[in-house]
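Enquirer: My questions will all concern the structure given below.
The values are calculated or read from the model by the stated rules, or taken from the named source; none is laboratory data. Just so you know, these numbers come straight off a predicted model, no measurement behind them. Every residue, glycine among them, receives a Cβ derived from its backbone with ideal geometry; neighbour counts consider all protein chains shown.
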Amino acid sequence: MYNPFKFLKQQIAPHYLGVDIGTTSIKIVEVDQGKQLPRLLNYTTLESQGSLTRANVALQTSSLKLFEQETVELLKAALKKMNPKTNVAVGSLPLFSAFMTVLTFPDMSQGELQKSLALQAKQYIPLPISEVVIEPLRVGEYQDDKGFKYQLVLLISVPLEQIRKHQSIFKKCGLELKALEIEALSLVRGLIGSDPTPTIIVDIGSRSAAIAFAEKGELRFTSQSDFAGASLTQAVAAALSINPLRAEELKRERGIAGTGPNYELSTIMLPYMDAIISEIKRAEATYAGQFPVAVKPERVIVSGGGANLLGIEKYMSQQLGLPVVKAAPFMRFEYPPTIEPIVQEMNPLLAVALGLTLREFR
């Protein structure tokens with residue numbers, strides 16, 4: 001049947017918000033279709049008041065608590081500051097809100113795989129199956145020395161309670177939530193795309209650091225560390241007996257360059273950086289053990305607020321023996337020339353939010 005609105009529908013360009021709700025801050029980007037690439041129209045970042053001065057202040061925690069009212073208030077404030085032209089949003093879930101494990105199955109049909117997944121999932125998920133949403137991702141295959149083929153599946157499960165809370169938060173803020181996904185998927189999409197290079201992504205937030213392994217442009221394995229940006233700030237504040245706000249300023253100004261007058265500050269923070277690096281090495285060993293045909297990572301991409309720490313790329317590269325680069329998701333977008341001076345600083349901060357919107361521009 002002839003549809004008189006078909007032509008009109010084709011002219012409606014996609015237009016979305018990418019909403020990254022972190023542990024102590026919210027980042028939002030507004031994106032539509034540009035001439036050749038998705039186009040960044042607007043963005044905002046907003047930090048929870050008191051997150052630096054009080055260690056127990058957070059929007060959500062690794063104990064799976066999401067503080068709904070505080071998050072609603074901060075998200076409403078961010079939206080008011082931003083004043084976007086659309087209310088259709090894609091949201092992120094932190095790595096610690098999902099249960100993830102890699103399962104091995106003999107080569108079988110899709111139907112047989114679904115039945116096997118349903119049976120095995122009960123053994124690995126610490127909640128009743130009726131209380132979670134399960135998403136399996138096929139992440140590899142291999143053949144043993146006897147010629148038998150196997151497939152590797154990354155099982156992702158998210159508690160329904162977490163999903164319902166996010167749905168409630170977005171609804172109370174007047175947003176239409178189109179999709180939710182774990183931040184590791186957004187990071188791989190926004191920072192790697194179709195690049196086949198085996199890569200470790202380290203997203204250093206305020207209260208946790210997410211570690212993701214990608215190969216052939218696809219997520220393969222994840223881990224996390226409870227050491228993150230706030231750990232460094234609190235260490236400086238305690239060692240120098242100063243206010244955490246001043247400690248944060250010093251951390252951002254001097255980083256871990258470790259020379260001249262910055263040497264003392266570096267010695268305070270480096271043990272905590274080393275703890276994050278130890279978690280990366282441990283995750284790499286686990287990844288190699290679970291994936292018989294895993295390719296050794298060839299680079300590290302660092303994102304999140306911690307990626308802006310002065311000297312972090314050089315130090316991590318020395319400790320890991322791999323090239324380390326800062327996240328650069330803006331390269332996949334068109335954006336106003338007026339923000340060019342701050343793109344390098346905003347690149348790692350908006351990596352998750354920008355990656356979220358890219359799922360709708362394929």
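Enquirer: Going through segment 194-239 one residue at a time, which ones are more than 19 Å from residue 283 (Cβ to Cβ), buried (at least 17 other Cβ atoms within 10 Å of the Cβ) and of a type in the set (A, V, I, L, M, F, W, C)?
Expert: 230, 232, 235, 236, 237
Enquirer: For segment 196-217, enumerate the residues that are at pLDDT below 90 and over 14 Å from the mean Cα position of the chain (by Cα).
Expert: Passing the criteria: 216, 217.
Enquirer: Being modelled with pLDDT of 90 or more and touching a helix residue (DSSP H, G or I) at 6+ places or on another chain (Cβ under 7 Å) is the filter here, so list the residues in segment 70-92 that pass it.
Expert: Across segment 70-92, the qualifying residues are 72, 75, 89, 90, 91, 92.
Enquirer: Taking into account only those residues within segment 14-36 that are under 21 Å from residue 226 (Cβ atoms) and in a loop (DSSP other than H, G, I, E, B), which is nearest to the chain's Cα centre (by Cα)?
Expert: 22
Enquirer: Can you pull out every residue in segment 122-165 that is within 25 Å of residue 216 (Cβ to Cβ) and small (Gly, Ala, Ser)?
Expert: 140, 147, 157
Enquirer: For residue 91, indicate whether it is not β-branched (Val, Ile, Thr) and not assigned by TED's automatic domain parsing to the domain that holds residue 45.
Expert: no
Enquirer: Among the residues in segment 187-209, are any more than 20 Å from residue 348 (Cα to Cα) and in contact (Cβ under 8 Å) with a residue 24 or more places away in the chain?
Expert: no
Enquirer: Kindly establish whether residue 131 is exposed (fewer than 15 other Cβ atoms within 10 Å of the Cβ), at pLDDT 85 or above and in contact with a helix residue (DSSP H, G or I) (Cβ under 7 Å, 6 or more places away or on another chain).
Expert: Taking the combined requirement at face value, the residue satisfies it.
Enquirer: Another question about this same structure. Looking at segment 315-339 only, could you name the residues that are farther than 19 Å from residue 211 by Cβ and loosely packed, with under 14 Cβ neighbours inside 10 Å?
Expert: Listed by number, the residues that qualify are 331, 336, 337, 338, 339.
Enquirer: What are the pairs with Cβ atoms under 9 angstrom where one residue, in segment 147-161, is at negative phi and touching a residue at least 12 places away in the same chain (Cβ under 8 Å) and the other, located anywhere, is surrounded by 16 or more Cβ atoms within 10 Å (Cβ to Cβ) and basic (Lys, Arg)? Sequence gap at least six, or different chains.
Expert: 152/220; 154/220
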